[in-house]
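The values are calculated or read from the model by the stated rules, or taken from the named source; none is laboratory data. In this text, all values refer to a predicted model and were calculated from it rather than measured experimentally. All Cβ positions, even for glycine, are placed from backbone atoms using ideal geometry, and neighbour counts span all protein chains on display.
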Amino acid sequence: MAFGRFSDLLRVSGFKALLWTQFLGALNDSVYKIVVTLVAATAVSSTASGGRELALVGAVFILPFLLFRGTQGIWRMFTTNAKS
């Protein structure tokens, strides 16, 4: 089954389900990050050294991407080559 246009692809129910799943997952991540950041900002605003703790909250969100980026790339390289 070949699709010529994006509108043809949107008529497939499985593809629509995939798009909604991706959208809701991204929305969930964004809302969670905003809520945690606002709670941390509220807690930090009452202390004198608030800037350091707020920077730490940002680092906690970014750290997994920095730590596991190389490992994920190597894993993906081996799994892609194993199937071909």
What about residue 54, is it among the hydrophobic types (A, V, I, L, M, F, W, C) and modelled with pLDDT under 80?
yes
If you take the residues in region 11-50 that are assigned to a helix (DSSP H, G or I) and of a type in the set (Ser, Thr, Tyr), which one is surrounded by the most Cβ atoms within 10 Å (Cβ to Cβ)?
37
Regarding residue 68, is this residue surrounded by 10 or more Cβ atoms within 10 Å (Cβ to Cβ) and at pLDDT below 80?
no
Could you tell me whether residue 58 is in a helix (DSSP H, G or I), at negative phi and surrounded by fewer than 10 Cβ atoms within 10 Å (Cβ to Cβ)?
no
